[in-house]
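Since the structure comes first, as structure tokens, the remarks are kept for the end.
The values are calculated or read from the model by the stated rules, or taken from the named source; none is laboratory data. Computed from a predicted structure; not experimentally measured. Cβ sites come from the backbone with ideal geometry, for glycine too, and all protein chains shown count toward neighbours. Ligands, DNA and RNA are excluded from the accessible area calculation, which covers all protein heavy atoms including side chains. Shrake-Rupley method; radii C 1.70, N 1.55, O 1.52, S 1.80 Å.
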4 protein chains.
Amino acid sequence: MSPHAPPDPDFAARVRDSFGRQGLMATLGASLSRVEPGLVAIVLPFRPELTQQHGLFHAGATSAIADSAGGYAGFTLFPADSSVLTAEFKINLLAPARGERLVAVGEVVRSGRTLTICDLKVYAEAGGARTLCATGLQTLVCLRDRPDTQTR
Amino acid sequence: MSPHAPPDPDFAARVRDSFGRQGLMATLGASLSRVEPGLVAIVLPFRPELTQQHGLFHAGATSAIADSAGGYAGFTLFPADSSVLTAEFKINLLAPARGERLVAVGEVVRSGRTLTICDLKVYAEAGGARTLCATGLQTLVCLRDRPDTQTR
Amino acid sequence: MSPHAPPDPDFAARVRDSFGRQGLMATLGASLSRVEPGLVAIVLPFRPELTQQHGLFHAGATSAIADSAGGYAGFTLFPADSSVLTAEFKINLLAPARGERLVAVGEVVRSGRTLTICDLKVYAEAGGARTLCATGLQTLVCLRDRPDTQTR
Amino acid sequence: MSPHAPPDPDFAARVRDSFGRQGLMATLGASLSRVEPGLVAIVLPFRPELTQQHGLFHAGATSAIADSAGGYAGFTLFPADSSVLTAEFKINLLAPARGERLVAVGEVVRSGRTLTICDLKVYAEAGGARTLCATGLQTLVCLRDRPDTQTR
């Protein structure tokens, strides 16, 4: 049982639809692996196209999936006709992002009327082992009466 | 005249070589536009492959070029046989990242023996106008006696 | 000439009155030194009561005046019947906070309807010299129709 | 059983001695409540001398005890002849800091040779109930061969 009760029962479809419209996630090769009330996970398989200068995942790739995971974790708890914006985030890179894939987990810490705060974690999976390689905090804004599918 | 005196006269070649090995920057379509002592700028032209759900630049793309710009700004002031790691960064998204291109500028605020702090700014250029769309702070680690070209 | 036009002509009196009600600022011995549209500076003279374990200013003292400087910088641009809350801030401690006094300067980077972003700088003044000892970023919330003097 | 093994068996005495030399903690009225390998908690009873303009705990007081709790959490895992410095921290204020006392908990997420990353949480206790009022992340530097008691 989740501590978070999403006001929109179709939250998962809404998240998946919105994620599908993020050109960057497709470019990176990222996909949604969990969509739950207040929690979203995104998986990113390794490719040389995602690296920094030493062949590890670039911090920008790590941050991009962390930002989307947190943004959509918040979005699961938003009303149906709203949009989500990232106001800011901070991320600490704890260990080399090395492995077959990264898994970013965004989790809502506090969901308010306007601001939602998420915890961000990114794990590197290599040979069956999982290492926490980044941890972050994110502040989201809920834009009410601005459906996510509306053209900007 | 710069307040920063790079210990390695070949700093620009070292930065350009390292940037060329970042798979992610090529995937995004980013390129270096300025490499100066303590300052690096990166340009990212708009493509639908870089968007979030509303067709604007994804915060992950904004962050990725900001992180690289800051990292290489610090790297211009590092010794020849060192590497650079991002320890952490924080970024505030100030305005919609809309336009023909983004320009990320990383600038060294303080360069110490181990830690270097950079200021990050990202501008959106649209129809000749330039808007500050993100501002951030970044902490870098200088790894001495670990040449950037060494295999990890 | 300021780029910021405060909607409330009495912004300075409103800031000074509110600052006077902050018990912590009196406890620390801090005072307002500048109150301008979008910019507030706070001075904190050195006392052993403000130190960390090595006799320098404690990062908590540095942060406290930086937070108040930024909060009131934002507040100068808010409507008369509003309140200000800090949603979050991040601060990098760049150099030892050593000297006769600290001066914190908060400056508005972007003032929006709900969120305001401020740049934070703290300088240590010692023997006539001024050193930048901390730099930060802060996100403020404007609570409309909630006068600052209202009891909570 | 703790996942962290402190290299100095006298870590708790070292932390308590150092905390006792922090003038600011005495000024605020803060005291240590837990000193464990990789975890330190600090309690701060409410006083009007610690408030912001609405009579709640000032974010500066919340941040000051969070910074000390994290700093000393890291310090528990440092060698005997080292010192600790805060490089940076970020804190989100989640809920009004209202109550009889605040409890800040700093916990080590990753302890490296040079950098240590801590998770920061601050709880407000009111009438027997405990509310998470702030969450943060902190980067510490371990200065080796620089005993904490050495004059600077």
Restricting attention to the stretch A:75-97, and to residues there that are farther than 20 Å from B:Ser63 by Cβ and open to solvent by 10 Å² or more (accessible area, probe 1.4 Å), which single residue is nearest to the chain's Cα centre (by Cα)? A:Leu77
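For the stretch C:13-23, which residues satisfy the criterion of being open to solvent by 30 Å² or more (accessible area, probe 1.4 Å) and either of a type in the set (Gly, Ala, Ser) or farther than 24 Å from D:Gly23 by Cα (or both)?
C:Ala13, C:Arg14, C:Arg16, C:Asp17, C:Gly20
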Matching residues in the stretch C:112-140 (within 20 Å of C:Leu94 (Cβ to Cβ), among the charged types (D, E, K, R) and surrounded by fewer than 19 Cβ atoms within 10 Å (Cβ to Cβ)) number 2
Given (1) in contact with a Lys or Arg (Cβ under 8 Å, 6 or more places away or on another chain); (2) in contact (Cβ under 8 Å) with a residue 12 or more places away in the chain, B:Val108 misses just (1)
Any chance A:Leu32 is more than 20 Å from A:Ala126 (Cα to Cα), open to solvent by 10 Å² or more (accessible area, probe 1.4 Å) and not acidic (Asp, Glu): no
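Identify, from the list B:Gly70, B:Gly38, the residue that is in contact (Cβ under 8 Å) with a residue 24 or more places away in the chain and at positive phi. Write out each step before concluding.
On the way: B:Gly70 fails: at positive phi.
One residue alone meets the criteria, B:Gly38.
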All but one of (1) touching a Ser or Thr at 6+ places or on another chain (Cβ under 8 Å); (2) surrounded by 24 or more Cβ atoms within 10 Å (Cβ to Cβ) hold for C:Leu39; state the number of the condition that does not hold. (2)
Looking at D:Ala26 and the list (1) within 29 Å of A:Leu93 (Cα to Cα); (2) open to solvent by 10 Å² or more (accessible area, probe 1.4 Å), which single condition is not satisfied? (1)
Inspect the stretch C:120-133 for any residue being charged (D, E, K, R), more than 11 Å from chain D (Cβ to nearest Cβ) and within 23 Å of C:Arg16 (Cα to Cα) and give the result as yes or no. yes
Taking the stated definitions as given, is C:Arg146 more than 13 Å from chain D (Cβ to nearest Cβ), open to solvent by 30 Å² or more (accessible area, probe 1.4 Å) and outside any strand (DSSP E or B)? no
For B:Val109, which of the numbered conditions (1) within 7 Å of another protein chain (Cβ to nearest Cβ); (2) touching a strand residue (DSSP E or B) at 6+ places or on another chain (Cβ under 6 Å); (3) buried (at least 24 other Cβ atoms within 10 Å of the Cβ) fails to hold? (3)
Kindly provide the set of residues from the stretch C:97-119 that are touching a His at 6+ places or on another chain (Cβ under 9 Å), in a strand (DSSP E or B) and farther than 19 Å from A:Thr114 by Cα, ordered by number. C:Val108
